[in-house]
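Notes to accompany the following structure.
The values are calculated or read from the model by the stated rules, or taken from the named source; none is laboratory data. Just so it is clear, the model here is predicted, and its values are computed rather than measured. Positions of Cβ are generated from backbone atoms using ideal geometry, with glycine treated the same way; all protein chains shown enter the neighbour counts. Ligands, DNA and RNA are excluded from the accessible area calculation, which covers all protein heavy atoms including side chains. Shrake-Rupley method; radii C 1.70, N 1.55, O 1.52, S 1.80 Å.
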Amino acid sequence: ALSGPQQAAAVPRQGAVPQPAAPVPGPAAQAPAAPVAPTPAPAPSVPLTPNPGGGQSSWAQQVHRLAEAAGDEQPVAPWKPPVEDPFQAAARRQAAARPAGLGKRLAARLVDTLVLAAVTSVAAVPLGMKTFDHVDRKIEAAKLSGETVTVWLLDGTTSVYLGVVLAVLLLFGVAYEALPTAKWGRTLGKKLFGLEVRDIEAHEAPTFGAALRRWLVYSVPGLLAVGLVGVLWCLFDRPWRQCWHDKAARTFVAG
């Protein structure tokens, strides 16, 4: 136990700097107290909201930190609808294409023929009447001559009339057959019966050159009556049932 003077010295006065206590002599001296580590100064932090929710960061600060964290990632590409593979689409069209039935093809050809005949007759009827009158006058002149005279039905006048009719037929056929076939793959008759003219390799509508060649091979032999054989050729052709004009244009009629 400390004595009176030592006990008074251990209690510091107010306003005085505390001095370390003098060691107590004797074998039972107390061990010195361990030094206390200084408290580190608090690091500067993000201002906290004064709300009573526990001192969390504000909403704007949280959004800002999330934006900084996502800034290192790659930008997200916008969603785009899947694009169909053109090669697979062509393969599916080729697999789905089948030659049309002969009954539908005949009905569609009859409709197209009626349309061609109606337009061509606008020029053919008046020119045909003129041709008949011209030939009749020639026959009457031969009778009045009293001689045996050969009257040719096709001369300079009638050949011009015939050329005009053929030109109307071919030119209107280009506008009615070749152009729609190259653009949509069908004419009016084929549209009515759900038929299409397709290229035999790409299974798409043929080009204008192929459509024009198809029309000419059909119309010119048809005027000479040989085209009937080419039309009936589809009855025996396999597997695409092509007529002569289809073989010339490398097309087939799908339905």
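Overview of results
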item	result
Those residues of the range 160-178 which are out of contact with any helix residue (DSSP H, G or I) (no Cβ under 7 Å at 6 or more places or on another chain) and open to solvent by 40 Å² or more (accessible area, probe 1.4 Å), in sequence order	Val160, Leu162, Leu166, Ala167, Leu171, Ala175
Hits in the range 210-251 (condition: out of contact with any Pro (no Cβ under 6 Å at 6 or more places or on another chain) and among the aromatic types (Phe, Trp, Tyr))	Trp215, Tyr218, Trp233, Phe236, Trp244
Answer from Thr181, Thr131, Thr157, Thr148 - the residue that is of a type outside the set (Gly, Ala, Ser), farther than 29 Å from His245 by Cβ and open to solvent by less than 40 Å² (accessible area, probe 1.4 Å)	Thr131
Count of residues meeting criterion [part of a loop (DSSP other than H, G, I, E, B) and either at pLDDT below 90 or under 16 Å from Arg109 (Cα atoms) (or both)] in the range 201-226	7
Lone qualifier among Leu224, Leu212 - being exposed (fewer than 14 other Cβ atoms within 10 Å of the Cβ) and more than 30 Å from Gln88 (Cβ to Cβ)	Leu224
Tally, over the range 194-209, of residues that are open to solvent by less than 50 Å² (accessible area, probe 1.4 Å) and of a type in the set (Asp, Glu)	1
Candidates Arg214, Arg186 - the one that is within 27 Å of the chain's Cα centre (by Cα) and of a type in the set (D, E, K, R)	Arg186
Options Ala91, Ala107, Ala178, Ala141; residue that is touching a residue at least 40 places away in the same chain (Cβ under 8 Å) and in a helix (DSSP H, G or I)	Ala107
